[in-house]
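The values are calculated or read from the model by the stated rules, or taken from the named source; none is laboratory data. These numbers come from a predicted model, not from an experiment. Glycine gets a Cβ as well: all are built from the backbone with ideal geometry, and neighbour counts include every protein chain shown.
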Amino acid sequence: MTDFSHVRQDFPVLKRQIHGRPLVFLDSAASSQKPTQVLDVMDAVYRTYYANVHRGAYLLSEESTTAYEDARGKVARFINAGSRSEVVFTRGATTALNMVAFGWGMDHLSAGDKIMLTMMEHHANVVPWQLVARRTGAELVYLPMDADYQLDISRLPDLLDERVKVVSFTGMSNVTGTMPPVAEIARMARDQGALVGVDVAQLITHAPIDVQKLEADFVAFSGHKMLGPTGIGGLWGRPSLLEEMEPFEGGGEMISDVQLEGSTWAPVPHKFEAGTPPIVEAIGLGAAVDYLEKIGMESVRRHGQELTGYALNRLSELPAVRVFGPADLTARGGVISFALGDVHPHDVATILDQEGIAVRAGHHCAKPLTRALGVPATVRVSFQVYNTRDDVDALVVGLQRVQEVFRVD
Amino acid sequence: MSIEELYRDVILDHNRNPRNRGTLDHPDAHAEGNNPLCGDELSLELRLDGDRVTEVAIQGQGCSISQSSASMMSQAIKGKTLEEIEAVIATFKAMMDIQASPSQAGLDPDRLGAVLGDLEALQGVRKFPVRIKCANLAWTTLEEALRSRKGEVKS
């Protein structure tokens with residue numbers, strides 16, 4: 001067992017009492033908590049060198065710009081991008097996916113073309129494509145899920161015809177925890193000539209990511225799920241894609257020249273960063289990346305696997321628990337969805353909250369998937385570096401309490 | 001605040017054995033409600049004889065609070081006139097209004113019991129603000145069903 005006990009002390013919020021009990025935070029897949037190392041860095045920006053970036057010819061602006069661009073460099077190294085200019089800062093994964101769906105899709109899709117998604121997508125990787133499909137006349141096709149909560153890649157050769165122009169799919173499901181074989185799917189899609197994108201909003205904080213091995217053309221992620229602040233995330237794109245893609249937003253800082261009739265764009269990645277960016281948030285994300293790298297993403301992955309294995313074992317002690325997700329720990333990450341008898345997930349979450357345990361209940365912004373699971377909602381627990389076996393034990397005690405209240409056998 | 005104050009026996013009973021479940025042929029009023037946040041869904045059908053609700057039929061799925069609230073509501077309105085039902089709705093809404101003080105909210109136990117019957121068991125929800133929406137779903141759906149009927153009368 002990797003020793004992560006020291007990690008908890010870095011997260012001030014974990015000292016809180018909730019309804020008179022110590023907080024057990026099991027909803028990091030929605031948004032993670034932040035370590036002091038991130039909070040301090042952000043505080044220091046505002047207190048000591050804050051100014052707008054890429055604009056002022058004075059020292060503060062220079063310092064802010066350097067820190068902002070250094071943060072880009074850290075993110076680029078974290079995902080093993082070829083260069084920092086391949087990383088566009090965005091508001092989060094949702095914006096990154098919209099940028100490609102609109103910036104690339106509007107110019108490259110037309111009636112008769114197909115957009116391939118999967119049954120496991122978060123709404124952020126469904127709705128932008130639906131919007132673009134509606135405007136371009138392209139059709140949506142969905143790769144189904146098999147009985148073991150994996151993407152059914154045996155269907156790919158059949159579904160991937162020459163009309164499929166883009167394939168966008170999740171690197172790790174935020175509901176079942178499933179980690180599909182990204183490179184394998186991406187390779188097949190690329191061989192067919194499709195543009196390939198991966199939503200790594202969950203994956204990026206659960207396993208090491210090397211964009212050069214993913215075989216994808218773009219990936220999208222959010223900072224707030226990986227110990228960073230809200231309002232910042234990113235799009236990694238192959239240089240050729242970023243070069244040809246139209247900007248999604250226009251405004252200041254993204255132009256090279258503006259004439260009355262039209263403008264020319266600033267070089268990549270700045271042409272995608274219109275307006276004053278979330279400067280402090282970007283620098284905070286850089287600090288989050290530093291923090292994760294210090295632990296080491298291989299260790300993070302091991303810790304997540306160990307904790308998930310432990311949790312699945314402990315949950316199996318409760319006969320009323322039904323887990324929706326792969327049993328194979330190598331094919332999944334630290335997100336577990338389940339049902340507890342016929343108790344509605346919201347009732348489970350309310351009772352757990354009274355015990356100080358924060359879990360998510362609902363459809364997790366993945367309605368097609370929850371529908372495919374045959375349930376209106378699930379209870380979801382998700383792990384981060386600060387979670388321990390004690391948290392899992394508290395969860396099991398909490399679930400026993402739910403069973404008492406609802407008289408589940 | 002103990003969890004048993006929220007999940008009282010009467011609520012668990014209505015959740016487990018919901019009353020007036022089903023559908024009506026050619027209902028006089030109907031509405032569908034849902035709570036996008038939690039996925040609670042409800043379909044409500046009413047049969048009227050003059051201004052009296054003679055039958056209520058409910059279908060839906062959701063948490064114990066939304067489903068028991070619907071079940072108890074169906075009992076509370078069945079056999080009542082529209083005017084009497086308006087009074088029940090007003091009392092229930094007052095009970096769920098956490099902005100109001102208990103006395104403003106009409107939380108006089110005698111009065112609540114007389115007007116709401118089993119429904120008074122839902123007052124515990126006041127202490128769990130995120131769940132108030134669940135308790136209210138059946139009632140907003142009822143109001144919508146009554147409005148739809150009024151609309152029909154006008155046209």
Looking only at the stretch A:377-390, filter to residues that are more than 9 Å from chain B (Cβ to nearest Cβ) and part of a loop (DSSP other than H, G, I, E, B); which one of those is surrounded by the fewest Cβ atoms within 10 Å (Cβ to Cβ)?
A:T388
What residue, of A:A311, A:A327, is out of contact with any Ser or Thr (no Cβ under 8 Å at 6 or more places or on another chain), more than 14 Å from chain B (Cβ to nearest Cβ) and at pLDDT 95 or above?
A:A311
Read through the list (1) polar (S, T, N, Q); (2) closer than 16 Å to A:R322 by Cα; (3) facing another protein chain (nearest Cβ under 9 Å); (4) surrounded by 23 or more Cβ atoms within 10 Å (Cβ to Cβ), then give the number of the only condition that A:T350 fails.
(2)
Across the stretch B:42-57, which residue is nearest to the other protein chains (Cβ to nearest Cβ) among those that are surrounded by fewer than 18 Cβ atoms within 10 Å (Cβ to Cβ) and of a type in the set (D, E)?
B:E55
With the structure loaded, tell me whether A:D217 is of a type in the set (D, E, K, R), within 21 Å of the chain's Cα centre (by Cα) and within 24 Å of A:G137 (Cβ to Cβ) or whether it fails that test.
yes
Within the stretch A:33-42, does at least one residue satisfy the condition of being free of Cβ contacts under 8 Å to residues at least 40 places away in the same chain, more than 30 Å from A:K213 (Cα to Cα), among the hydroxyl-bearing types (S, T, Y) and in contact with a Phe, Trp or Tyr (Cβ under 8 Å, 6 or more places away or on another chain)?
yes
Can you name every residue in the stretch A:341-377 that is hydroxyl-bearing (S, T, Y) and touching a strand residue (DSSP E or B) at 6+ places or on another chain (Cβ under 7 Å)?
A:T370
Please find, among B:L6, B:L37, the residue that is within 13 Å of chain A (Cβ to nearest Cβ), modelled with pLDDT under 95 and out of contact with any helix residue (DSSP H, G or I) (no Cβ under 6 Å at 6 or more places or on another chain).
B:L37
Given the residues A:A133, A:A124, A:A93, which is the only one that is in contact with a Leu (Cβ under 9 Å, 6 or more places away or on another chain), in contact (Cβ under 8 Å) with a residue 60 or more places away in the chain and surrounded by fewer than 24 Cβ atoms within 10 Å (Cβ to Cβ)?
A:A124
Check A:E273, A:E293, A:E281 and return the single one that is out of contact with any helix residue (DSSP H, G or I) (no Cβ under 9 Å at 6 or more places or on another chain) and either farther than 17 Å from A:D390 by Cα or at pLDDT below 95 (or both).
A:E273
So which of A:G193, A:G237, A:G223, A:G231 ends up being in contact (Cβ under 8 Å) with a residue 12 or more places away in the chain, of a type outside the set (D, E, K, R), in contact with a Ser or Thr (Cβ under 8 Å, 6 or more places away or on another chain) and in the same structural domain as A:G262 (by TED's automatic domain parsing)?
A:G223
Can you find a residue that is surrounded by fewer than 20 Cβ atoms within 10 Å (Cβ to Cβ), of a type in the set (G, A, S), away from chain B (no Cβ under 14 Å) and not in a helix (DSSP H, G or I) anywhere in the stretch A:354-376?
no
